[in-house]
Amino acid sequence: MQLAIPACFLLNLLWFQSLLPSQADPLELLVVTVATDKTNGFKRLEGSLKLFNLKFLVLGMHEKWKGGYLRLFPGGGQKINILKRELEKYKNNKNLVLFFTDSYDVVFTAGKEEILTKFKEFNARIVFSAESTIWPDGLLENRYPEVTFGKRFLCSGGIIGYADTFWSTITKWNVEDTDSDQLYYTKIYLNATLRTQLNATLDHTSTLVQNINFAKYELEMVEEDTLTRIKNLKYSTLPSVIHGNGPSKIYLNHLTNYVPDGWHSEYGCRQCSRNLIDLPNEPKDKLPSVQLAIFIEQPTPFLEEFLQRLEQMSYPKSRITLFVHNNEGDAERYISQFMLRHRSKYAAVKIVSPHENIDEKAARNMAVNHCIEIACDYQFSVDSYVQITEPDILKFLITKNKQVIAPIVVQNGKLWSNFWGAINIDGYYARSDDYLAIVNNERSGIWNVPFVNAVYLTKGSTLKYMENKIQSLYNYEDFDADMAYCNHMRDEEIFIFATNEIDFGRLVFTENVMTDTIHPDWWQIEDNTEDWEERYIHPDFWKATLDGVDIAQPCPDVYMFPLFTHRAADTLVEIMEDYGEWSGGKNKDTRLAGGYENVPTVDIHMNQIAFEKEWLFLLRHYPTKIVEKVYPGFYTEADSSMMFVVRYKPTEQSFLRPHHDSSTWTMNIALNSHGTDYEGGGCRFLRYDCSVTNIPKGYALIHPGRLTHYHEGLLTTNGTRYIAVSFVDPEFALNS
């Protein structure tokens with residue numbers, strides 16, 4: 001007996017089979033995107049597509065964008081109209097899957113096989129990506145189907161479907177360019193009849209597309225072989241596409257420092273060697289022209305070294321134009337000295353002095369306009385609190401071929417740097433999860449970041465583009481200048497990069513600058529130790545601290561070693577003479593707790609010039625290294641309450657009678673030169689009948705204090721002799 005099959009059933013079966021792809025031909029995948037400009041974001045998307053050998057079609061390039069300002073308002077209907085115009089030729093291809101994504105805020109993390117496998121597992125004709133918030137019409141929330149697990153609302157940034165169904169979806173209704181594309185797709189999806197006809201669904205668990213907005217804390221980066229993926233911990237999925245929808249674009253930039261083939265724990269920075277440009281060695285006139293824009297906006301320590309280091313950069317000065325904005329009157333003498341020596345080396349120089357009353361924002365905008373006027377290829381903006389120690393910094397940054405790139409510099413011993421790894425919703429600092437690793441050089445590479453300041457290189461073409469769009473690049477609401485600059489760059493989707501591939505230098509701390517003294521940098525020993533050491537600590541001091549290097553011993557248990565540079569010695573003498581309140585060398589001394597000095601000298605104490613804390617820092621960080629080397633088994637606390645500069649001269653006090661010091665150990669530093677500044681002088685240790693004279697300027701003498709080293713100050717016969725004296729560990733000596 002044969003069963004009769006109704007004709008209507010056969011027709012329906014044939015219709016359904018016609019919707020399925022041909023079994024003879026494998027599915028093909030075509031990624032489609034709409035982009036009107038080759039922005040940094042588009043180039044990033046393009047790079048990820050090429051990495052996974054994905055076929056892709058870019059539509060709308062160089063067309064005028066009429067779809068609205070999507071960062072703040074609904075829009076994007078133009079994308080649908082461009083798709084309608086260009087995709088009709090694919091509408092009957094039953095073996096083709098179209099995967100539409102946005103272009104400027106998307107990156108692929110997987111290839112064709114994974115994407116198609118995941119798509120087929122949906123058993124749907126078209127799949128929209130999903131997110132946890134509804135946009136742009138919140139009133140539609142109750143019309144969405146309930147979801148027990150996963151994200152409920154449609155996001156139009158990722159849509160994958162069979163070509164014929166995709167075509168049917170985008171041609172359901174007419175849409176204006178300025179209409180919302182997301183609302184268009186939402187209304188289709190919320191129409192139960194159309195949803196069934198199209199066999200449409202949402203990617204509720206971010207299997208294919210991860211929309212980042214409001215999902216940051218669901219995500220974790222995982223390394224798979226040579227690549228880095230994003231894992232959604234909430235749904236245990238590995239999305240094939242990452243979409244920085246809404247305000248999550250900065251976080252997407254952060255993720256793509258690693259995903260898919262950025263920095264890797266085994267391979268390091270793969271991006272560091274990509275898209276570089278070669279700079280010719282000769283002739284020099286073929287090198288890009290650079291405007292070196294120098295900004296002195298506040299009292300800054302070690303300004304002299306700052307300018308010297310700029311001059312020491314290896315880039316040909318004939319290709320550099322100087323622009324200097326100085327907002328500090330005390331800096332004028334350093335600028336004048338610098339220009340006197342070096343001005344003729346540079347292509348041109350423009351100086352804006354404090355007398356012109358140009359504020360920082362106006363000056364930075366002026367520098368931008370100046371750069372554009374002279375058609376500079378690059379602007380290298382440097383603030384005065386950046387100490388550049390890498391001579392090849394300009395060449396290095398230029399070869400990186402970025403629109404904006406900053407060399408990462410950090411305050412020594414601190415976590416303060418010239419970049420932010422993240423920003424909060426108000427545009428201010430937030431710490432990224434990799435900030436410490438980058439600042440501490442545990443990870444080295446090039447990083448896409450939302451903010452840089454202090455020192456950065458900008459392409460001249462970028463400045464020109466921004467000036468046409470913005471006019472005042474360094475003005476934005478109440479933001480400071482650098483925040484305004486970075487905000488404008490982000491708004492125009494220009495990526496800001498920072499690199500720590502090499503050591504470029506450091507930031508100087510500027511919060512505690514003395515402004516009422518002749519040598520303010522002298523007080524920077526704690527805040528800017530490395531700069532202080534380079535100027536004031538004798539270069540041979542560090543050799544003396546090494547094992548196997550002998551320390552001169554002119555008398556038993558008396559040791560002599562280099563400590564101060566000549567400049568340090570001169571600085572301390574000039575500070576004391578400028579202060580001028582020398583004691584009278586009398587026994588009565590109101591500066592002391594008991595009001596009496598048994599063995600008085602003509603002196604000024606460190607606490608009188610507000611340098612007591614700093615001198616204790618000096619004692620604990622430098623001479624202690626020698627003390628513990630030459631007196632083995634003794635560990636000093638380096639404490640002192642008697643630290644002073646003594647002045648000897650024949651017409652005032654020329655010698656000091658024999659005495660013990662109230663110390664465990666004593667240090668004397670020669671602050672001027674025997675034979676040039678004075679005659680005579682020195683120290684005689686009576687018990688050993690041993691004298692130390694002619695101590696080189698800047699050298700320190702250390703010896704035990706109480707009990708063994710009874711000593712006297714020898715007669716200064718001519719000129720003026722200065723020494724810096726410290727009685728160290730007095731309480732330790734008394735207790736012993």
Report, for the chain, the % of DSSP beta bridges that are antiparallel, rounded to 5. 65 percent
Most positive-pole-ward Cα, Tyr485, Ser417, Gln337, against dipole of segment 284-507 from beta carbon charges: Gln337
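Going by average Cβ neighbours within 10 Å, how do the peptides 482-491, 366-375 rank, with the highest at the top?
Details: 482-491: 20.8, 366-375: 18.1.
By packing density, highest mean first, the sequence is 482-491, 366-375.
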List the pair-distance distribution P(r) of segment 284-507, using every Cα-Cα distance, as the percent of pairs falling in each 10 Å bin from 0 up to the bin containing the longest distance, rounded to whole percents. 8, 35, 39, 17, 1
Give or take rounding to whole Å, what are the principal axis extents of the alpha carbon atoms in segment 440-545, in descending order? 58, 38, 22
Selected from Asn93, Leu714, Leu322, residue furthest toward positive end of dipole (the chain; charges at beta carbon): Asn93
Of 578-589, 681-692, ordering from highest average Cβ density within 10 Å down gives 681-692, 578-589
Between Glu113 and Lys284, the two model label points (7 Å from Cα along the beta-carbon direction) sit apart by a distance in nm of 5.6 nm
Would you give the gap between the C-alpha center of segment 123-181 and the C-alpha center of segment 536-589, rounded to a whole Å? 77 Å
Farthest toward the dipole's positive end in the chain, which of Gln403, Ala552, Gly682, given Cβ charges of +1 (Lys, Arg) and -1 (Asp, Glu) about the Cα centre? Gln403
Given only helices, namely DSSP H runs of n ≥ 4 each adding -39500 (n - 2.57), what is the per-residue ellipticity at 222 nm of the chain, to the nearest 500 deg cm²/dmol? -7500 deg cm²/dmol
Assigning unit charges at the beta carbon (Lys, Arg +1; Asp, Glu -1) and nothing else, what dipole magnitude in debye, to the nearest 20, does segment 13-261 show about its Cα centre? 360 debye
Distance in nm between Tyr635 and Asp557 label points, each 7 Å along Cα→Cβ, equals 2.1 nm
Using the alpha-carbon centroid of each, what span in Å lies between segment 258-280 and segment 676-736? 60 Å
Contour minus Cα-Cα span, Glu46 to Glu224, at 0.36 nm per residue, comes to 61.9 nm
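By average Cβ neighbour count within 10 Å, what is the ranking of 404-411, 299-306, 658-665 from highest down? List each step's numbers first, then the result.
On the way: 404-411: 23.9, 299-306: 21.1, 658-665: 19.6.
The peptides rank, most packed first, as 404-411, 299-306, 658-665.
About the Cα centre of segment 177-240, what is the dipole size in debye to 20, counting +1 per Lys and Arg Cβ and -1 per Asp and Glu Cβ, all else neutral? Don't skip to the end; give the middle numbers.
Working: 6 positive and 9 negative charges, 61 e Å.
With Lys and Arg at +1 and Asp and Glu at -1, about 300 debye.
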Here the Kirkwood hydrodynamic radius of the chain, Cα-based and in Å, equals 31.2 Å
Relative intensity, log₁₀ I(q)/I(0), of segment 13-261 from a Debye sum that treats every alpha carbon as a point, q = 0.17 Å⁻¹: -1.43
Over what distance in Å are the Cα centres of segment 356-398 and segment 41-112 separated? 38 Å
Beyond 21 Å, what share of the Cα-Cα pairs of segment 599-736 is found? Please give it as a whole percent. 40 percent
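Coordinate-derived values only; no laboratory data. These numbers come from a predicted model, not from an experiment. FYI the Cβ positions are ideal-geometry reconstructions off the backbone, even for glycines, and counts take in every protein chain you see.
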